[in-house]
Ligand SMILES: [Zn+2]
């Protein structure tokens with residue numbers, strides 16, 4: 001019965017962060033027992049979302065139409081992957097990651113991202129985290145998306161290019177703003193890519209903890225698209241607390257089984 005259990009797990013078993021049992025048989029996700037793995041609010045619909053239309057349609061201000069068209073094609077050819085609904089116990093895990101206990105929870109939550117990526121059967125080139133503004137990161141002491149990206153990159157054996165995506169303009173807190181258009185305006189141009197100028201044909205996983213209106217993820221993706229990368233968004237959970245965001249997310253999703 002121990003055929004899938006490695007010796008360190010027998011000697012030093014993980015504690016499941018959800019039920020607090022001692023994990024005797026690995027679920028494949030750190031700090032999570034098999035029972036709780038099956039009880040999580042896994043996304044059953046809309047687990048693959050399109051990027052917001054604005055990214056392809058309204059944002060490009062590039063005077064070269066061929067570059068605008070290229071970005072539009074990249075945006076329309078890619079998508080956002082969502083692991084779980086924003087419900088208990090994932091919700092409590094994300095709150096702990098952000099405010100109290102990142103050291104334990106980031107491994108579990110990154111494990112959920114790993115499973116979500118592997119379900120897609122697609123190959124990626126690198127992982128990038130949605131960055132915090134340096135001042136906010138100094139206040140918190142870490143970037144929660146950065147912790148997820150680092151653990152994800154290690155597990156998938158991909159390079160972590162997070163240091164090359166920077167938040168160069170401090171913005172209003174998104175939660176203080178109303179609809180998605182206001183959030184997009186707040187964030188437009190707030191992110192800068194400082195890595196290689198030509199990213200083609202890189203396929204980048206852009207990682208964040210929570211998706212609400214998609215504005216933050218879209219703003220962070222924009223410079224990556226502009227440098228020629230395919231960008232697949234990847235988040236632990238999505239909440240739908242944005243009544244005035246129109247048909248996205250949820251309507252007209254790309255369906256993948
Ligand atoms: Zn458990």
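The values are calculated or read from the model by the stated rules, or taken from the named source; none is laboratory data. All figures in this text were calculated on a predicted structure; none of them were measured in a lab. Neighbour counts run over all protein chains shown; Cβ positions are idealised from the backbone, glycine included.
Structure values in brief
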{"item": "Test result for residue 213, over 16 Å from the mean Cα position of the chain (by Cα), under 30 Å from residue 87 (Cα atoms) and part of a loop (DSSP other than H, G, I, E, B)", "result": "no"}
{"item": "Test for residue 141: is it out of contact with any strand residue (DSSP E or B) (no Cβ under 9 Å at 6 or more places or on another chain) and modelled with pLDDT of 90 or more", "result": "yes"}
{"item": "Any helices (runs of 4 or more DSSP H) falling wholly within the range 60-152 and containing at least 1 residues that are surrounded by fewer than 20 Cβ atoms within 10 Å (Cβ to Cβ) and in contact (Cβ under 8 Å) with a residue 60 or more places away in the chain", "result": "65-77, 90-99, 102-120"}
